[in-house]
Amino acid sequence: MEKPKGFVSFVGAGPGDTGLVTKKGIQCLKEADIILYDRLANPRLLRNAKDTCQFIYCGKLPERHTMRQEKINKLLVQYASEGCCVVRLKGGDPSVFGRVGEEAEELAANDIAFEIVPGITSSIAAAAYAGIPVTHRDYSTSLTLRTGHTCESNAALHSDRQLLGDTIAYYMGMRKMLINCRELIKQGKPADTKVAIIQWGTLGKQKVVEGTLETIQAVIEKGHIESPAMMIVGDVVGLRKKLIWFDKKKFSGRRILIAKASGIPFALENYFTNLGAEAYSFPVWKQKVHLFTKEELKAIMHAYRLTFTNATSVDILFQQYSQAHYDIRDLPRNIEYRTEQTRKALAARGIMADKAEDSSNASSIVIGAQSDTWHEKEAYSTHEWLIDERFDEINVRMLTEDDWETVIFPNKAAVKSFAKEVKNLGMHHLLNIKFAYIGESVKEYAMEQGFSMIDEAVQSELKRMNWRN
């Protein structure tokens, strides 16, 4: 059902892993005109937004807010009042320490329609990825969710010692962790009660340390654990030794960039993420489709031979032929392809094309992206790829927040675009990281551009899986 004009969706982004967001949440992102997102909402989710959608960062760090809560409330009311479809994207579940109540109250006071789309809350998900079930028949029959922060208005709510429970999960509690541990001991928890701290839970950069209420502070300092992190308290923490699974993945803890020169799917990113790595594709591209005139469509139809360079061009041309009410049977008899994906796209339309042997065949009209066709004698460009500048702020944050070890270059164009963009963003140190490649010519080109160290483990995996462009 179509949403009314001036509508706000509070969407739970889940704990970090993009596979843990709901289908309804993704649909809200696709429909949004404006997305206001938090620091703990995985920015990769914003790739689902339409090209015209505006992104507004509302990130918060301990002791430092990019945007005050009052300002966020005001913007939600403002954009919804202007008739926009607004998404407020929050990490975890909006209703679990996500301030959705405060923001929804503001909308209700201004007669603005809204919905709340739940998400997987971070404590349960982070604990699960750490190998810790928050409940267990032998160890825990209850779970208490608590914020690591208190204020004057809610401090008195727990004067009856309701801090205690079988398993306790603390959100946003790193700064006051020692105080919270001491308070639990004071209220009756044994000092040797097991504690786990989970930083960046469910992501490839997840780190987990264990201790007790008495020792965990020293463990954190030794392990250099920082916010954002969850604290799980209780005997269930002891199950981690038996149930650890996420940390055992082949590339667990590795930080891998995937260079991109177009908007092709994020297959490499998804693959290495599934192997436990923190993988990020950079830069992000958007597609600008070129509309053919009737004369151009006729010229293509009357060609002796057509050569398609990529699958996207097949989709675009056939869509425009359909909209112009042309019959597919009017296409030239001789049709060729340059890549395997292009062959599959043509086959899906019932066309058994031939492999193009000579890219400069004088009798052929080339159909492809602008970057594929500019040097051809006779060609038609179906589209071009432009860098999506909405992700500039996100890219700077993502590239500076982690110590990236490796970049994968799928093709020569990716080497060029990566080097150019990291320079534009002032990230020159990334020109010195290790690299992996697909194809010997890509390796040679990368070395010509100054990349010298090959990541043998990543390269071996690419070779094992026989990755191709």
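How much FRET efficiency would the formula 1/(1 + (r/R0)^6) give for residue 214 and residue 71, where r is the Cβ-Cβ distance and R0 is 41 Å, rounded to 0.05? Working from the Cβ atoms, E equals 0.50. Projected label points at residue 109 and residue 389, each 7 Å from Cα along the beta carbon direction, are separated by 3.7 nanometres.
Can you list the aspartates and glutamates whose alpha carbon is less than 13 Å from that of residue 90, not counting same-chain residues fewer than 8 positions off? Result set, ordered by chain and number: 38, 103. The shape of the range 192-347 can be summarised by an equivalent ellipsoid whose semi-axes, obtained from the alpha carbon gyration tensor, come to 56, 14, 12 Å from longest to shortest.
With neighbour counts taken as other beta-carbon atoms within 10 Å, the residues 452, 364 rank, fewest first, as 452, 364. Amide hydrogen proximity for residue 260: with H placed 1.01 Å from N in the peptide plane, the residues at 5 or more positions away or on another chain lying under 5 Å are 282.
Compute the length gained on full extension between residue 354 and residue 191: take 0.36 nm times their separation in residues and subtract their Cα-Cα distance, giving the result in nm to one decimal. Display every interim value, and only then the final one.
Details: separation 163, 0.36 × 163 = 58.68 nm, distance 7.28 nm.
Full extension from residue 354 to residue 191 adds 51.4 nm.
If you find the alpha carbon centre of the range 352-424 and of the range 209-246, how far apart are they in angstrom? If we compute the Cα centre of each part, the gap is 44 Å. Distances between every pair of Cα atoms in the range 124-248, grouped in 10 Å steps from 0 to the bin holding the largest one, split as 13, 49, 32, 6, 0 percent.
Around the amide H of residue 225, modelled in the peptide plane, lies no amide H under 5 Å away from a residue 5 or more places distant or on another chain. Counting neighbouring beta carbons within 10 Å and listing from fewest to most, the residues 26, 225 come out as 26, 225.
Counting DSSP beta bridges with both partners in the chain, what percentage is antiparallel, nearest 5?
On the way: 23 of 74 bridges.
Roughly 30 percent of the DSSP beta bridges within the chain come out antiparallel.
Within a straight-line Cα-Cα reach of under 18 Å, residue 355 can be paired with the following lysines, leaving aside sequence neighbours fewer than 8 residues apart in one chain: 344. Less than 5 angstrom separates the built amide H of residue 120 from those of 14, all sequence-distant by 5 or more or on a different chain.
Across the cross-link table entries 288/412; 207/242; 248/416, which are compared at the Cα atoms, the separations over 25 Å belong to 248/416. When the alpha-carbon atoms of the chain are used, the pair Rg, Dmax equals 26.3, 86 angstrom. Restricting the calculation to alpha carbons of the range 279-389 gives Rg and Dmax of 14.0, 46 angstrom. Computed with the Debye formula from one identical point scatterer per Cα of the range 7-120, without solvent, the log10 of I(q)/I(0) at q = 0.23 Å⁻¹ comes to -1.40.
Taking 0.36 nm per residue of separation and subtracting the Cα-Cα distance, what length does fully extending residue 464 through residue 323 add?
Details: separation 141, 0.36 × 141 = 50.76 nm, distance 4.31 nm.
Here the segment from residue 464 to residue 323 would lengthen by 46.4 nm.
Helix content alone sets the calculated 222 nm mean residue ellipticity of the chain: runs of n ≥ 4 DSSP H residues at -39500 (n - 2.57) each, divided across all residues, give -9000 deg cm²/dmol.
Annotation: the residues 213, 89, sorted from fewest to most other C-beta atoms within 10 Å of their own C-beta, follow the order 213, 89.
Laboratory data are not the source of any read-out in this text; all were calculated from the coordinates shown. Note that the coordinates shown come from a computational prediction; the quantities given were computed from them, not determined experimentally. A quick note on method: Cβ atoms are made from the backbone with ideal geometry, for glycine too, and the neighbour counts reach across all protein chains shown.
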